[in-house]
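The values are calculated or read from the model by the stated rules, or taken from the named source; none is laboratory data. Given the structure is predicted, the values throughout are model-derived calculations rather than measurements. Ideal geometry is used to build each Cβ from the backbone, glycine not excepted, and the neighbour counts take in all protein chains shown.
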Amino acid sequence: MCKGLLLLGSAILAAGLLSARHARSETVVFLSTQLRPIEEAQKVRNVILKDFPHQVDYVTEQPQQLPVRIKAEQQGGMHTIDAIGALHGELQPLASLDALTPLDDLAGRLKDRGIPERLMTLGKFGTEHQLYIPWMQASYIMVANKQALPYLPTGADISALSYDQLAAWAGAVKEKTGKRLLGFPAGPQGLMHRFFEGFLYPSYTGGVVVPFRSEAAEAMWAQFASLWKEVNPNSTSYNFMQEPLLAGDVWIAFDHIARLLDALRQKPDEFVAFPAPAGPKGRGYMPVLAGLAIAKSAPNANGATALIDYLSRPETQIVTARNVGFFPVVRVDLPADLDPGLKLGAGAIEKTQSAKDAVPALLPIGLGQRGGEFDKLFMDTFQLIVLRGQKPRAVLDREAETLKRLMSESGAPCWQPDPPSTGPCQVQ
Amino acid sequence: MNARYIPYLLIAPSLGFLTLLFFVPLVQTIALAFQANGGWSTENFARMTGDINFTDAVVDTFEIVVIVVPLQLLLALAMAMMLQHLRGGRDIVLWIWSIPLGISDLAAGLVWLAILTDKGYLNTLLVDLGVLNGPQSWLSYETPLSLFAAIVVAELWRATAIVLVILVAGVQLLPKEYGEAAEVFGATPWQRFSRITLPLLKPSIQTALILRTVLAFEMFAIVLSIGGRNFPVLVSEAFNWQYSQQDYGVAAAYAVIVMGVSLTATLVYLRILRTPAAQR
């Protein structure tokens, strides 16, 4: 009886080990820094990856932890990650760590999908090899309640506003309704820092780091401080602008498209979506490009390749757009039955990217774990000048010292729209 | 085995547990606060004090503690005395007063946010009563006083029960003879309370104050949910440095400050509210 139990136990154990190994060779571990909130992650697992033939382990990671984890795996010699999905700026430190497998064959096979050449070039990080395949893109747009449209200044084209016109518009709304109905996501989890890094600074100064304390920047902050008088003061609590838009607390809002989609989807007849305004130097905008890469020494590189192929299919890209608000990079005809809210968002992004005066500003690259400090710099400047009313010149000079220290310590070279630099980006 | 060592042996497992899971991380955090760029330095503290929110965080934290803790002590004393005089229903009243203890402070913060937000219950009530014409913003950075008052009220609602429960336990243990004797000698209720009950309650008050003050310095979730960015406190700044800026050194520096302040407050209470051994 004892011997029988022992035999049975070891048979079960052996079967378990064997099947575990078999299962691992089938599973693709897909690590992603995007689509982290639980609802979006569940959509990835249950909807987007539903038709993929192999088992996928979808694991999310905080963006700042991604290089730490990859470095740890490289040093420890234990590789668990197959496919990596992350933003362009998050994949770049991995490229410098030589942690990505070249994907030239895969890129060749995917040529007929129609991914724009400039996006594929971004995926090379300046080398000859394709290090990531563009996965999906998004950007930041503005959304307005149709009730606000009558207050637009005469002659203003909503798809080509300037910041002055936006201020006039919000001022007219405040005067006629008595309420401040312009909103920005300046809450603790809001993406206000991206507004400064990718929209305001490029539009007024043509750069981000280099002209940080220039006279154009000083004028910009003074104008923004006066624009803030028309902004709903609860903006310092707004994280996702779709909520105040739906509640009617805000009529005109700026935010990441994924944080506005709920409003556009639930009430597409009430809202219009349009590109962010332009300043003296153009219409700055921040394209958000996510890419798919394969980790070097991935246990299941074939599975990862198949996964990337699957995610780049037009059908999957449309399903992705429908579910999580990130838009396709491949050539797709958006189906006619796409919900109207999504169409509004896609239209605004398209107008942003094809604007004649568009100034693309990339997400900060090369700051690695210190990206949070970079963002804090802009939010501190905003707090001091706009919320606490201090003089822009003094604040800019003070914060420029912190920025100089950050750039020299991280050694990050300049990124678009600043002109390329050799060595760390210098603040003028 | 010598019987003398048995008590120490029995305590040893829990001491080991405490050391491993409490003291070791404590020492590591203090070390983290004093390390920067791979060596020992006070750079984290320099960065912390140079931050634009540091002064506000310190002032706000102390403001809250200095206002909330005495108010709660007075409230809890009054409530404990009232409980003493209840005939029936005493348990129910005590239970109702302790309900806020059972919910997390984040939940308490969200409750008050729902009441005080622009479209919340308070504004709806005031507009319906005709007191206001339209919604009034109570929690924005433009109304710092009402924001502060909102946080004080939410903290009073949530945490007075902590002080109350300790004081009720203390009051129940007081011998009734002194009060009865004083009544026979013609003492007024106020004299009985201030000359007899209060001094006898000093150990309980000391315990309650230490506990409540230490917890007040660590207050975080209520302030974050009601005030967001508009009301920085020490722990919320530590949280931001840790998670948004990924700067563990400065977050550890904030933690060391909170610990230092709490320890100082505890020592002050132990000294001021000391009961000589003879009276215990």
Original post:
Given the structure, is B:Y248 within 14 Å of another protein chain (Cβ to nearest Cβ) and touching a helix residue (DSSP H, G or I) at 6+ places or on another chain (Cβ under 8 Å)?
Top reply: yes
Original post:
Among the candidates A:S408, A:S354, which residue alone is surrounded by fewer than 17 Cβ atoms within 10 Å (Cβ to Cβ), away from chain B (no Cβ under 14 Å) and among the hydroxyl-bearing types (S, T, Y)?
Top reply: A:S354
Original post:
Of the residues A:A144, A:A99, A:A95, A:A86, which is crowded, with 18+ Cβ neighbours inside 10 Å and in contact with a Gly (Cβ under 8 Å, 6 or more places away or on another chain)?
Top reply: A:A86
Original post:
Among (1) within 14 Å of chain A (Cβ to nearest Cβ); (2) over 30 Å from B:E237 (Cα atoms), where does B:F54 come up short?
Top reply: (2)
**OP:** Within segment B:1-18, identify whether any single residue is aromatic (F, W, Y), under 19 Å from B:A251 (Cβ atoms) and surrounded by fewer than 11 Cβ atoms within 10 Å (Cβ to Cβ), and answer yes or no.
**Re:** no
Subject >> Filter result for A:H88 (modelled with pLDDT under 90 and touching a strand residue (DSSP E or B) at 6+ places or on another chain (Cβ under 8 Å)) >> reply: yes
Original post:
Does B:L174 satisfy the condition of being among the hydrophobic types (A, V, I, L, M, F, W, C), modelled with pLDDT under 95, exposed (fewer than 13 other Cβ atoms within 10 Å of the Cβ) and out of contact with any His (no Cβ under 6 Å at 6 or more places or on another chain)?
Top reply: no
Original post:
Within segment A:290-406, which helices (runs of 4 or more DSSP H) (wholly inside it) include 1 or more residues that are at positive phi?
Top reply: none
Subject >> Test: residue in segment A:381-399 that is surrounded by fewer than 20 Cβ atoms within 10 Å (Cβ to Cβ), within 10 Å of chain B (Cβ to nearest Cβ) and in contact (Cβ under 8 Å) with a residue 60 or more places away in the chain >> reply: yes
Original post:
Residues A:M286, A:M220: which one is surrounded by 20 or more Cβ atoms within 10 Å (Cβ to Cβ), at pLDDT below 95 and of a type in the set (A, V, I, L, M)?
Top reply: A:M286
Original post:
Got at least one residue in segment B:272-280 being at pLDDT below 90, touching a Lys or Arg at 6+ places or on another chain (Cβ under 6 Å) and more than 10 Å from every other protein chain (Cβ to nearest Cβ)?
Top reply: yes
**OP:** Quick one: which residue in A:L166, A:L181, A:L161 is under 22 Å from B:S140 (Cβ atoms) and touching a Pro at 6+ places or on another chain (Cβ under 6 Å)?
**Re:** A:L166
Original post:
Only one residue in A:Q92, A:Q74, A:Q55, A:Q65 is of a type in the set (S, T, N, Q) and within 14 Å of chain B (Cβ to nearest Cβ). Which one?
Top reply: A:Q65
Subject >> Within segment A:128-223, helices (runs of 4 or more DSSP H) holding 1 or more residues that are within 14 Å of another protein chain (Cβ to nearest Cβ) >> reply: A:163-177, A:192-195
Original post:
Restricting the first residue to segment A:52-72 and requiring it to be closer than 23 Å to A:T27 by Cβ, which pairs with a second residue that is small (G, A, S) and surrounded by fewer than 16 Cβ atoms within 10 Å (Cβ to Cβ) meet a Cβ separation below 8 Å and a spacing of at least six or different chains?
Top reply: A:Q55/A:A23
